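Structure first, commentary second.
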Amino acid sequence: MLTETDNRPTILTGDRTTGPLHLGHYAGSLKNRVALQDTHRQYLLLADTQALTDNADDPRKVSRNVLEVALDYLAVGIDPEKTTICVQSGLPALAKLTLLYLNFVTVARLERNPTIKDEIQARGFGRDIPAGFLCYPAAQAADITAFKATVVPVGEDQGPLIEQTNEIVRRVNQQIGRDILPEACALIPTVGRLPGVDGKAKMSKSRGNAIPLSATPDEIRDAVRRMYTDPNHLYASDPGTVEGNVVFTYLDAFDPDRAAIEGLKGHYRRGGLGDVALKRRLEDVLQGLLAPIRERRSALARDPGYVLDLLHVGTQRARAKTQATLDELRAALGLFAFPRGSQT
Ligand code: TRP
């Protein structure tokens, strides 16, 4: 339970609400979060405000997916008794902190952020970068520091955002003259990023190479059938390559029987093991993994009122926490406040 005397380290992490989560999220972060909720005070942020920074042309998609991502969290085993799930746009202190932090970071520094640079390129913004997008590292610094989080589990692409957060933390602390804000540590998963079913670098919904956590048995079967293997492995009897073979990458990620997988790798390399047999094994593993997640998800989806209530309670709890940090910071910086008891 979350109590005032809880002195476990605080985690804050989150996801942009642009679409339902997929297997890549599961392997890279969701599984970790389910484990971390027992040892940390964990907050999960449904980042709808940040999602808007590159989706202003489809705000309804962003709001629709608040519930979808929440369903994914709950379906994989995030326990609302242990983890506080909250909605970013319901936390006005975050917006206020963002505005404050924008005075402690330069445009040049924002433009130099490697994550931002890559994302600008990937989105083809050219010179037409939405200002909100360029500034989202300051908003992410607000998210992290408002909760005084010291541990931020994120993918490796987010490392530079944590660095930028800590620069802002040091600037603000220096201005105040004492360490009001803690620095945060990125917790980057040791397992590499899960490739898409097409073998391309990253699983992502927009590339159409993802397996959503809500995939039906047929969708799972089709995705495994389409999966990229070794293009030179034409006959079962041919020796095959394991490296870069997506089926093996997924077996490494999801099949608990390590010894059996090592055996299969040897067999595949020597020749005599066909893709069809290999894919059948992976399909069984994924069907087994996703069936209970899909069932929990669809049961919860039938009761959106319950999920919305949870988000409400979580957001309210987070509102108190984030507002307290903002108040503390404003006072320490000596920003204007009406005298106590005066009419505002
Ligand atoms: N940037 C993260 C993503 O793209 C989402 C996010 C928003 C986040 N605020 C955060 C992650 C704070 C960690 C900490 O998915």
Checklist line | Carbon/sulfur fraction of accessible area - the stretch 260-326, other protein chains in place, 1.4 Å, % | finding: 56 percent
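Would you tally the net charge around GLU167, using a Cβ to Cβ cut-off of less than 13 Å, leaving GLU167 out, and scoring K and R as +1, D and E as -1?
Every neighbour counted, the sum reads +2.
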Next item on the list: For ARG270, put the label point 7 Å out on the Cα→Cβ axis and report which residues of the stretch 223-248 keep their amide N under 11 Å from it.
Entry: none
Margin query: Report, to one decimal in Å, the Kirkwood hydrodynamic radius for the stretch 119-232 based on all distinct Cα pairs.
Written below: 17.2 Å
Check: Net charge near ASP222, counting Lys/Arg +1 and Asp/Glu -1 over other residues with Cβ under 12 Å of its Cβ?
Finding: +1
Next item on the list: Please give every one of the aspartates and glutamates within straight-line cross-link reach of LYS265, meaning a C-alpha to C-alpha distance under 16 Å, and leave out same-chain neighbours fewer than 8 residues apart.
Entry: ASP230, ASP238, GLU243, ASP252, ASP255, ASP257, ASP275
Margin query: Under the rule a/c < 1.5 gives rounded, and otherwise a/b versus b/c splits prolate from oblate, where does the chain land using the Cα gyration tensor?
Written below: prolate
Notebook entry, point to check: How much accessible area per residue does the stretch 1-146 have, in Å², with a 1.4 Å probe?
Noted result: 42 Å²
Notebook entry, point to check: On average, how much accessible surface per residue is there in the stretch 200-246, in Å², for a 1.4 Å probe, leaving out ligands, DNA and RNA?
Noted result: 59 Å²
Notebook entry, point to check: Helix 275-301 versus the longest principal axis of the chain: what angle, 0 to 90°, nearest 10, using Cα atoms?
Noted result: 40 degrees
Notebook entry, point to check: PHE338: net charge of surrounding residues, Cβ under 14 Å, Lys/Arg +1, Asp/Glu -1, itself excluded?
Noted result: +1
Check: Here are some pairs, LYS61/LYS321; LYS61/LYS205; LYS31/LYS82; LYS61/LYS148; LYS96/LYS321; LYS31/LYS321; which of them have Cα atoms lying more than 19 Å apart in this structure?
Finding: LYS61/LYS321; LYS61/LYS148; LYS31/LYS321
Check: If you keep only loop residues by DSSP, which GluC sites (Glu not before Pro) in the stretch 1-108 have at most 14 other Cβ atoms within 10 Å of their Cβ?
Finding: GLU4, GLU81
Margin query: Stokes-Einstein diffusion coefficient for the stretch 269-344 at 25 °C in a medium of 0.890 mPa s, Rh from the Kirkwood formula over Cα pairs: what value in µm²/s?
Written below: 134 µm²/s
Next item on the list: Please work out whether the stretch 259-299 counts as rounded, prolate or oblate from its C-alpha gyration tensor, where a ≥ b ≥ c are the square roots of the eigenvalues and a/c under 1.5 means rounded, while otherwise a/b larger than b/c means prolate and anything else oblate?
Entry: prolate
Checklist line | Positive-pole candidate from ALA93, LEU45, PHE254, dipole of the chain, charges at beta carbon | finding: ALA93
Note to self: What is the percent carbon and sulfur in the accessible area of the stretch 7-88, measuring with a 1.4 Å probe over the protein chains and ignoring ligands?
What the structure shows: 49 percent
Next item on the list: At most 15 other Cβ atoms within 10 Å and a DSSP loop assignment: could you name the trypsin sites (Lys or Arg not before Pro) in the stretch 284-339 that fit?
Entry: ARG302
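The values are calculated or read from the model by the stated rules, or taken from the named source; none is laboratory data. Fair warning: this is a prediction, and the values are worked out from it, not measured in the lab. Using ideal geometry, Cβ is built from the backbone for each residue, glycine included, and neighbour counts are taken over all protein chains shown. These area figures cover heavy atoms from the full protein model, side chains too; ligands, DNA and RNA do not enter into them. Shrake-Rupley method; radii C 1.70, N 1.55, O 1.52, S 1.80 Å.
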